[in-house]
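Asker: Below is one structure. I have some questions about it.
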Amino acid sequence: MTYRRLCIGMMLTILPTAGCGTVANLARPGVTHGGKIPFGGVKHDREQITEAEAAGSVGKAHALAYKADIPLSFVGDVITWPYTATYTFINAPVPVPPIMPANTNTNTNTNTNTDTLPQPRAMPDAIPLTVSSATK
């Protein structure tokens with residue numbers, strides 16, 4: 001019975017830290033700082049494993065904890081995916097249109113010669129008015 005209580009106590013102690021990669025992903029300021037990206041929790045855990053393994057023997061325990069956290073972060077990332085995907089899409093920077101230099105060429109190809117332009121039609125001298133018999 002004591003062993004069972006010990007296991008339950010350990011699970012309850014570890015439970016608040018479950019999915020810490022997802023929590024770190026959601027706590028970061030934004031997309032520009034690497035936060036709130038889809039499946040950023042798993043990415044965070046992988047980065048931490050790499051750093052912990054590079055630290056030597058002290059980091060092996062940390063790397064083991066992060067390796068155990070990857071499945072929990074994956075579940076957390078799946079649950080928070082709609083939020084992170086829309087956050088990334090909505091807060092994406094607006095693309096700047098390319099700036100084209102102004103055309104400084106003064107030699108334009110417009111033809112201002114009036115001889116080659118079509119001539120307007122002549123207006124009639126008088127407009128004939130007809131009076132109908134109903135208005136007399």
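Just so you know, all these numbers are worked out from the coordinates, no wet-lab data involved. Computed from a prediction, not measured in an experiment: that's the story for all the values here. Note that each Cβ is placed from the backbone with ideal geometry, even for glycine, and that neighbours are counted across all protein chains shown.
Asker: So how long is each side of region 35-76 along the principal axes, counting just the alpha-carbon atoms, biggest first, in Å?
Answerer: Computed over region 35-76, the largest-to-smallest principal extents equal 31, 17, 9 Å.
Asker: From the P(r) of region 18-90, can you give the percent of Cα pairs sitting at distances over 20 Å?
Answerer: 29 percent
Asker: 7 Å from Cα along Cα→Cβ at both GLU51 and ARG28: what's the point-to-point distance in nm?
Answerer: 1.1 nm
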